[in-house]
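Below: the structure, in structure tokens.
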Amino acid sequence: MPQSPAAPPARTGSQAPAAPRRAGGARRTELAAFLRSRRARITPEDVGMAPGLRRRTPGLRREEVAQLAGVGVTWYTWLEQGRPINASVQVLDAVARVLMLDTTECEHLYRLAGIPFVREPDTGTGAVGEELQGVLDALDPLPAAIYNSRYDVRATNATYRALWPMTSLVERWERNVLYKLFTVPACCQTFVNSADELPWMVAQVRRSYGRHVGEPAWENFVALMIKSSADFAQLWASGDVAAPGKRVKSIRHPAVGMITMTSMSLSIDGMAEHRYVVYTPVTEQDRERIETLRTTVDPVVGCSVHGRRLSALLAAREAAGRPVKCPHEL
């Protein structure tokens, strides 16, 4: 059972509590209101307690939440009063369990409490669910994918995989757009306008990182990128930030030549910091080249020097019994 954090210093006489600092005061007020609203919806029966005869307060009492979470009653009361006290992840986990918070509510709780570490949902193949995958599939023949704020590729449709087939063939930890773009040789770089796009993409991730400083998944990702690419390290050190938005991207494909597309990001309700990214061809020629790729049975993956047929990559994956490496690493 988690240990209660140290309580604030005791007050003497009629001394009033110190006024909350201006920065964070509104957040603590919102935290207090959120906890009260969640507590009000939980009945004693929900947590296996006898209902009792007379209950003036809807839902659980503060002392009942504290008891079930294994924290001090006074400390939890102060938390609901918006006082400037600290809460650990362990203690907030216990409170969230008692209040039966779902993933979105837990994330909200941690943010309001100023806790940097927030668990991420499962990132397996089926993590996005059938409905969201169905939207991706319905967007064909437009290439589309679901990214998170680190550019991890969560799900794709068939046209997206026709343009970038390695997103479904490599190890799961490698299915990250930035990692692929910054670790391939210059000749295998798909972006024609990479000098414009890569700095903007890094700046966008840098902006998102500000909400996740200290989280293991984010710190490990940044460390991996800095170690893997001197160019990324230089862009990261610049400290530039940018917001998602409409972009024009030009890619070079060995089978059809250059394709220019407009990318648009669309947020997804219920999946924090995930977004659809949909690519629309700029001209009719771009549309025809995408259609050619969609109907190409065995395209070359990679540049003319390092590239291999997709069938050869699939055969290598089957022989190895695991996802294959990128073409330039084979």
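Taking θ = phi - 60°, what integer Hz values does the Karplus form 6.51 cos²θ - 1.76 cosθ + 1.60 yield along the stretch 74-82, in sequence order, with x for Gly and Pro?
4, 4, 5, 4, 5, 4, 6, 8, x
Could you derive backbone 3J(HN,Hα) for the stretch 134-149 from the dihedral phi with the Karplus parameters 6.51, -1.76 and 1.60 (θ = phi - 60°), listing whole Hz in sequence and x where the residue is Gly or Pro?
Working through the residues one at a time gives x, 5, 4, 5, 5, 6, 3, x, 6, x, 8, 8, 10, 10, 9, 6 Hz.
Can you tell me how much longer the chain between LEU266 and VAL89 gets when fully stretched, taken as 0.36 nm per residue apart minus their C-alpha distance, in nm with one decimal?
Here the answer is 60.6 nm.
Could you tell me the calculated FRET efficiency between ILE226 and ARG294, based on Cβ-Cβ distance and R0 = 45 angstrom, to the nearest 0.05?
The formula returns an efficiency of 0.75 here.
For ALA138 and GLU284, FRET efficiency with R0 = 22 Å and r from the beta-carbon atoms, rounded to 0.05?
With a Förster radius of 22 Å, E is 0.50.
Give the percent of DSSP beta bridges with both residues in the stretch 208-285 that are antiparallel, rounded to the nearest 5.
100 percent
List the aspartates and glutamates whose Cα lies under 16 Å from the Cα of LYS180, skipping any in the same chain that are fewer than 8 positions away.
Answer for LYS180, where 16 Å is the Cα cut-off: ASP152, GLU171, GLU197, ASP231, GLU329, listed by chain and number.
We did not get these values from a lab; they are worked out from the coordinates using the rules stated. Not measured: the values here are computed from a predicted model. Quick reminder, even Gly has a Cβ in these numbers, built from the backbone with ideal geometry, and neighbours come from all protein chains shown.
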